[in-house]
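The structure appears right after this line, and notes come after that.
Where a number appears in this text, it was derived from the coordinates with a stated rule and is not lab data. Keep in mind the model is a prediction, meaning the values are calculated, not measured. So basically every Cβ, Gly included, is an ideal-geometry build from the backbone, and we count neighbours across all protein chains shown.
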């Protein structure tokens, strides 16, 4: 079970670590797109969300307060999902479908982050291959 949990953590963390690199490396272009979509924060918002995804991803990957990392990812994805993938605002059917797919994907990622939160917080080091015990625990 330890190995399966580690593989799951690596795969989930990889999504957010790669996204974090993209946010920081392409902050100007991403900020222009965020402005176009009506998301607040501009370039600073892009960088902050990238850092949050990177830190959360590392925490999950390394098992260093993984429950906090999972909550950080979920908390970052919630506003991003509603601002960047507001499919209900699209009039073009193809754009609407693309945004709805991205919106649904993010809902799944939020759910996965919350499930990881629950596993880290309820099982702690018993899940295996973690560096720290959770800060937040659920009995």
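Working out 0.36 nm times the residue gap between residue 137 and residue 64, then minus their Cα-Cα distance, what length gain in nm do you get to one decimal?
Additional length available on full extension: 24.9 nm.
What's the extension gain from residue 48 to residue 28 if we count 0.36 nm per residue and subtract their Cα-Cα distance?
Gain in length upon complete extension: 5.9 nm.
Any idea how far apart residue 14 and residue 114 come out in nm if each label point goes 7 Å out from Cα toward Cβ?
2.6
If R₀ is 35 angstrom, what is the calculated FRET efficiency for the pair residue 102 and residue 7, using the beta carbon separation as r and rounding to 0.05?
Given R0 = 35 Å and the Cβ-Cβ separation, E is 0.90.
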